[in-house]
Structures are given as C-alpha cells and as structure tokens.
Amino acid sequence: MDQSQSGTNGIGQRLRELRQKRGLNQQDLASADISVSYVSLIETGKRVPSEAVLKALAERVGCTVDYLRTGRDDVRVKELELKVAFGDMALRNGANGEALQSYSEALANAPLLGEAMVRRARLGQALAFEKLGRLEAAIQLFNVLYDDPETIPGSAEWAQLAVALCRAYRDSGDQVMSIEVGERAMKQLDRLGLDVTDDHIQLGSTLMGCYYHRGDLTQAQLLSNRLTQIAEEKGSRVARGSVYWNAALVAASKGDLKESLALAERALVLMAETDNVRHIGLLKSNCAAYMLELDGSDLERAEGLLEEAQEAMLEVGTAAEQSNVETSRARLALRQGDPEAAMERASRALGLLRNEARWESAATRVVLAQAQFERGDSTGGAQTLRAVERQLGQIPVNRNTALVWRQAGDVWQLYGHPAEALTMYQHAMSGVGLVPLKGAARVAAPLS
C-alpha cells in the first residue's frame, strides 16, 4: 500500500482499483454532492470520505461499504463459504465433479477466506480428486496438508489425512508407500500415548486393508486381532464396522469364506444405522460376493443385496464401484444358469471401466469369458481369456493380479484347456512371489 493511503486504511486504493476494473473514470463517480476533484483526493488518500459518501461510491463501483472501508467483503466471503459447504454436500452425495468445481472456485479466492476454511476446502478438493480417480493430484494435496506444521499429530484432522494418504497410495498401486505412511502414523500414535479414538481405529483398519492388498496376510491378521479387541472396548459402531469390514477381506483371502461372510454381515449391521449410503452399499456388495463363492448360498438374498448395492452405487459410487456390482451380478447370473444375462452385465461393467488396463477389468473379462464358454461360444471365450493375459501383462504384479491369473486358469481348466490353464497358474504363482525352479523345464521323464 502507498504511504499516502496509510492514514485512510487503503480506501482510496481500493476505490481506484474497482473503478478501473469496471472501466469507469473519476467523472463517472462524481455527483451533485461529490466532485471529481473530491474523488481524486479520496483516491490519493488525501481525504477520508464520510459514511454517506462511502455508500454512494460503493454503489457506483458495485461493492459493499464494508469492502471499501476494510477490504473485506462479508457478502462475498459468505458466498465463498457457501461454496465450500456445497462442496462438502456434493462430495457426500457422490457428485464429485460438482464438489471439485465448488472447492476450486472457493480456493481461487483464498485470500478472502479464513485459514480454517481454506484448509477445509483444500481437503475437500483432495478428496474429490481421489474419488474422481485423479490420484496423483490427490496424493500431492494430501501430503501438503499432512506435512503442514498446523496439522497436529494425533488430532482428528491428522488421522483423517493419514488414512486418506494410505488409501490413495494403495489405490494408485504404491503398496510400499501406503504401508509406510500407515505404519509411521501408528508408531506416532503409540509414542504419543493418546486415548484411542475412532479416528485411530480407522487408521489401523486402513493399514490392515493395505497389508491385505500387499498380500501380507500375517501382518493383516495380527493387526485385525489387535483392532477387534480395541474396537469392541472403545470404538463406535462405525469404527467397529470398519474393523470387521477389513477383517472380512483378510478372512476371504485366507480361504475362510464362511468367516468372511459372517464378519461382513456383522459390519453391515453396525453400519446400517449410519447415513453413509456408499459404505452400506459397498458392504452389501461384499456380502453378496462372498455368498456367490459359497456352495448352498441363498442366491435370492444375494440378488436382493446386489440390487440394493447397485441402487446406492448409482447414486454415490465411483465408476469402479458401479462396475464391481455389475460384475458380481454377472457372476450371479452364471450361478443362476443365465449366460446371456452374465455377458450383458459383464460387458456393461467393462464399459464403466472404459477398458482401462487395470486388474478389475481383467477380472470382469474372466467372468465374460466364462459366460461365453457357457453359451457355447468357445472361440469368443478363448479370445477373451487371451485378452486377459495381454492386459495383465501391462499391470504391475501384486496379489490382485495373481488372483485374476488364478481365476483365468480355472476357466481354461473348466472348459478343457489344461495347457493354457497351466500357463495362467504359473503367472499366478509368480504374482505371489513363487518363482519357477531353475532347470525344471529340462526334466524329460517322470519320476519312478
């Protein structure tokens, strides 16, 4: 600010900036009571206008009196705060694009907002990026907030950011960083010796899920045992539900599908009284998926759960989550002996994923291939499984890709192609770190 403006708190400077921004000259601000020379004196900081003059000038340049006097426009600030609130609401309702736009518009005027509101908008923007699949942008913003000196370790905000970083790194395929962030945060909590809160339980639950995705089932089970006891003693229904949810994933990966279904159903009961439509929908989808893997399951109940899950995902779910429900419905159609419906749903699931080279779409193609074989289209089924092989070859090896290799091998084996099945099984074993024995291919005769 110019020295000449210091005694008038910058009123003249703001008046001049607004006048020029609107393409007005000093004559345009003059009136019977306000001369052009008086406008000039105000703009150069040589006169302090009265309240009546301030009001008249504010009307001419299109701002509030408060803005001319202080530089702060409470009406504009309120509008920006409403944009942040709208972003929060849109994010809860699954309108992620609208949420991102609202947060970004508010942040474009960050100097007008208080520090707390700016942080809230930045967190919302990062969450919107995450839900839209723009994980690199989300991770960058989460890290900025997490490393900010204003973020106090052990606080609810700190725990939320740690959970978000774990989740975003995990979903981006960087299992090493997801677990590193989670373990470091858990150690920090242990050192701080704070009372356990739901946020802390959620952090541990997310880390459990990261162990699961990396295939470290021993660590996942150990953490599950610890968290289950803590959650039962100190956690809310939501916190306990989160622990049981991830514990179900661990049990399923160990082949205990009855236990995984029981844990997922317990999580669903705990979550059912919340207003988180997305989480309830995801849990219903998981319960149905476990049912489809168990012999003698109630297929009608599985179908009902999937219908409810699909309704929720259409409202608040991401494209990948909607695709996952369609894939489960394709599996259900196969169990019901309707390969035509299975093909239709699997194709719809692939359309939602836009044929991206990711393990979820490869898994869906395996279901599509099985439906094609069931329908009698062996050529189409074989072509689809070869597409799965090409696709998996473009994706970093992890436990999820190993599972899809195994499923593809099972379909080849089921329809009479043992050589192709063996190739898929070998890829599956390599995916979980089991490398072939050197020289095994040179064995020429069976053992006697």
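Taken together, the values in this text are just the output of simple stated rules run on the coordinates, not laboratory data. Note that this is a predicted model, so its numbers are computed, not measured. Cβ atoms come from the backbone with ideal geometry, glycine included; neighbour counts cover every protein chain shown.
Here are the numbers for this structure:
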item	result
Two-decimal log10 I(q)/I(0) for the chain, as the Debye equation yields it once each C-alpha is a single scatterer, q = 0.06, 0.12, 0.14 Å⁻¹	-0.39, -1.04, -1.31
Cα centre as origin, Lys/Arg/Asp/Glu Cβ charges: segment 1-102 dipole, Debye	180 debye
Simple spin-label estimate for Leu192 and Glu180 in nanometres, 7 Å along Cα-Cβ	2.2 nm
Protection proxy ranking of 134-142, 77-85 - average other beta-carbon atoms within 10 Å, highest first	134-142, 77-85
Part-to-part distance (alpha-carbon centres) for segment 285-314 and segment 366-412, which is given in Å	23 Å
Set of aspartates and glutamates near Lys234 by C-alpha distance (under 20 Å), chain-local residues within fewer than 8 positions excluded	Glu157, Asp190, Asp195, Asp198, Asp199, Glu273
Value of relative contact order over the chain, rounded to a whole percent, pairs C-alpha under 8 Å and six or more apart	7 percent
Eligible lysines near Lys21 by straight Cα distance, threshold 27 Å, same-chain separation 8 or greater	Lys46, Lys55, Lys78, Lys83
Dipole of segment 3-72, positive direction: furthest Cα of Leu15, Val39, Leu29, with charges on the beta-carbon	Leu15
Ranked packing of 341-347, 24-30, 231-237, most packed first, by mean Cβ within 10 Å	341-347, 231-237, 24-30
Contact order normalised by residue count of segment 95-147, Cα under 8 Å, 6+ apart, percent	36 percent
Neighbour net charge for Glu183 - beta-carbon separation under 15 angstrom, K R +1, D E -1	+3
Spatially proximal lysines relative to Lys258 (Cα-Cα < 25 Å; intrachain offsets below 8 disregarded)	Lys284
Mean Cβ neighbour count within 10 Å, used as a protection proxy, ranking 255-268, 119-132 highest first	119-132, 255-268
Over segment 3-72, relative contact order from alpha-carbon pairs under 8 Å, at least 6 apart, %	42 percent
Over the chain: helical MRE at 222 nm, DSSP H runs n ≥ 4 each giving -39500 (n - 2.57), nearest 500	-24000 deg cm²/dmol
